[in-house]
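Structure, as C-alpha cells:
Nothing in this text is a laboratory measurement; each read-out follows from the coordinates by a stated rule. If you're wondering where the values come from, they're calculated on a predicted model, not measured in any experiment. Ideal geometry is used to build each Cβ from the backbone, glycine not excepted, and the neighbour counts take in all protein chains shown.
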Amino acid sequence: MIRTLLRAGGAAYAVPIALMTAAAFLEGLLYALIVPILKDPAAAWPWLLGFAAAVAALGVLRYAADLSGMRVGTTLLRGMYHRLGDHLARLPLGWYDRARVGEVSGLAGRGLLAALGVSAHLLGPFIAACVTPLTIVVVITAYDWRLGLAALAAAPLVLLAVRKRPAGDGHAEVGDEAAARVVEFLQAQPVLRAGGRTGERFALLDDALRDLERASRRRALSVLPGAVGMAFTVQTAFTAVLALGAYLALGGHLGVAELLAILVLAARAADPLLSLTDIGGRLRAARTELERLDRLLDTPLLPETGHPVRPDRDDLEFDGVSFRGLTGLSLSVPQGQRLAVVGPSGAGKTTLLQLIARFHDVGEGTVRLGGVDVRDIAPDELMSRIAIVFQDTYLFDGTIEENVRLGRPEATDAEVRAVSTAARLPSGWDTTVGEGGARLSGGERQRVSIARALLKDAPIVLLDEVTSALDPENEAAVHDGIERLMAGRTVVMVAHRMGTVRRADRIVFLDEGRIVEDGTHEELSALGGRYAEFCATTPATR
C-alpha cells in the first residue's frame with residue numbers, strides 16, 4: 001500500500017512517513033524504560049524523568065506526523081481532483097456512457113476520499129502497528145535473546161495474516177451499480193406513481209441491493225479467517241513468551257522484575273498487532289480505489305496532432321469509413337447543404353454524427369472537414385466549428401440564461417436575448433432549471449439546447465432526432481428554432497419525421513452500416529425502394 005501511495009503522491013509522502021515511523025520507533029523505545037523502573041523502583045527517578053521527557057517528545061512528534069499527513073492528504077486530494085478533471089476533459093466523448101458516469105461519480109466521491117484520506121487517518125496507525133511491536137521485540141531481545149526469538153517467531157504468521165487479501169474484489173463495482181439504481185428509483189418516482197405502482201418494489205433496485213448484500217457478506221466472511229488467525233497467532237506468541245519466561249525465572253536464569261517488565265512489553269506489542277487486521281482491510285479497500293483511479297487515468301486520451309491544420313471551408317466527407325457497424329461508408333456533404341440520414345434502428349445513424357464530432361476515431365478510412373482529416377484538426381478548433389443538438393438534452397443546475405451562455409460565454413446580453421427569442425424559450429430567463437433541467441418540459445429543454453447552438457453560431461450543425469418525443473406544440477416551436485439554426489449552414493440531421501426529412505437538400509438511407517439509397521425526396525420516393533417504404537410508415541408531422 002505504501003508503494004501505491006508513493007506512486008500516487010511521489011515525494012510528498014516521504015515526510016509524513018518518516019515522521020510516523022520515528023514516532024512509532026520512539027513509542028517502542030519508550031516502553032523499554034519500563035524495564036529499569038520495575039527492576040529497581042528505588043532508583044527509578046532518573047528513569048521516570050526520562051520517561052516523562054520521552055512522552056512529551058512523542059506527543060510533539062506524533063502531532064507533527066499527523067499534521068503532515070493531513071496536509072499531504074488534502075493537498076494531494078485537491079491536486080488529484082484537478083488531474084482527474086483534466087484527464088476526463090481530454091477523453092473521447094464516445095468513452096462516456098451511463099456506466100462510465102456512474103463509475104466516475106463513485107470514484108470522484110467516496111473513492112478519492114477513501115484513497116487519499118489514508119495519509120490522514122490510516123497511515124499513522126498502520127506504521128505504528130508495524131514498527132512499535134518490532135521495536136519492542138528488539139528491546140526484549142536485548143534483555144533476553146531467548147524471549148526475543150520466541151516473540152519474533154510469530155512474525156511470519158502475522159505477516160501472512162496481514163497480507164491475506166479478502167475475496168470480493170468487485171465490491172466497488174457492485175456498490176456503484178446499487179447507488180445508480182437508488183438514483184434511478186428516485187428519478188422514476190413520477191413515472192411509478194403515475195402508473196399507480198407506489199406500493200410495489202423496484203425489481204432492479206432490489207436485485208442491485210441483493211448483489212451488494214451478497215458481495216458484502218463474501219467480503220466479511222473472507223476477512224474472518226485472517227482476523228481469527230491474527231488473534232490466535234498473537235495470543236499464542238504471548239503465551240509462549242509467558243511460559244518461557246516463567247521457565248527461565250523458575251530456573252534462576254531471569255529475575256522476577258525483568259520477567260514482569262518483559263511481559264508488560266509483550267502485552268504492549270500485542271495490542272497494535274491485533275488492530276492490524278482492521279487497518280489492513282481498510283488499507284486494501286483504499287488501495288482498490290487507487291487502482292481504479294490508476295486504470296481511469298491510464299485510459300488513452302484522444303490523440304492530438306503536433307501540427308494541427310485549420311480548414312478553410314466547411315464541407316464534410318466520409319472516405320471508406322468502417323467503425324461500429326459502419327462498413328466502408330463513403331459520403332460527401334458540400335458546404336451549405338442539408339443532409340438527412342434515415343434508416344432503421346441500429347443502422348449507424350448516430351455513430352455517423354459522432355464520428356464527425358470526433359467522439360471516436362475511426363477504425364478504417366477517414367472523416368474529413370473542409371478536406372482535412374478531423375484527427376489533424378485541434379480538438380478546440382473542431383468543436384468550435386460544430387453545433388450539436390441531441391435528442392436527450394442535459395442542462396446544468398443554473399438559470400436558463402446561464403445554460404444558453406454555454407454556447408458562447410462572451411456573448412452580449414443582446415445576443416443572448418436574440419437567440420432566446422428565436423428559439424421561443426419559455427419566459428423567465430432567470431428561472432433555475434434544476435439538475436439536468438428537471439424543472440422544464442422536454443420541449444423547453446430542447447429549445448434551450450437550440451438557443452445554445454444558435455448562440456454558438458457554428459458553421460456545421462448536427463441534429464440527432466431532436467423532435468422524436470415532442471408534443472405538437474413543442475415540436476412546432478422547436479422546428480422554428482431549428483430552421484433558424486440550419487439557415488446557411490452545413491447540416492447533417494438524423495430524423496424520422498417526414499416534415500424534418502423534407503427540409504433536407506439530400507437524403508441517404510442507411511441500413512446495416514451501408515448507404516442503400518441516396519438522392520432527393522422526390523427521387524427516392526419515385527424509386528419505390530426502402531425510402532418509399534419508410535415514407536409510407538412515418539408520421540408526416542410538420
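Output the 0 to 90 degree angle, nearest 10, between the alpha-carbon long axis of helix 14-32 and the longest principal axis computed from the alpha carbons of the chain.
Long axis of 14-32 versus the principal axis of the chain: about 20 degrees.
Using the eigenvalues of the Cα gyration tensor, what equivalent ellipsoid semi-axes result for region 316-536 when each is taken as the square root of five times the eigenvalue, whole Å, largest first? Could the numbers behind the result be given before it?
Working: eigenvalues 178, 85, 43 Å².
The equivalent ellipsoid of region 316-536 has semi-axes of 30, 21, 15 Å.
Report the extension gain between SER322 and LEU221 in nm, rounded to one decimal, defined as 0.36 nm multiplied by the number of residues separating them, less their alpha carbon distance.
Full extension of this stretch gives 31.5 nm more.
When DSSP assigns beta bridges and you keep just the ones with both residues in the chain, what percent turn out antiparallel, to the nearest 5?
50 percent
Return one number: the angle in degrees, 0 to 90 and rounded to the nearest 10, between the long axis of the Cα atoms of helix 171-187 and the longest principal axis of the Cα atoms of the chain.
Tilt of helix 171-187: around 50 degrees.
What distance in nm separates the simple spin-label points at LEU406 and ASP298, each placed 7 Å from Cα in the Cβ direction?
For the pair LEU406/ASP298, the computed spacing is 3.2 nm.
D for the chain, whole µm²/s, Stokes-Einstein with Kirkwood Rh over alpha-carbon pairs at 10 °C and 1.306 mPa s: what number?
55 µm²/s
If the only charges are +1 at each Lys and Arg Cβ and -1 at each Asp and Glu Cβ, what is the size of the charge dipole of the chain around the Cα centre, to the nearest 20 debye? Walk me through the intermediate numbers first.
Working: 57 positive and 62 negative charges, 331 e Å.
About 1600 debye.
Mind pulling the angle between the C-alpha long axis of helix 442-456 and the longest principal axis of the chain? Nearest 10 degrees, somewhere in 0 to 90.
That helix lies at roughly 80 degrees to the long axis.
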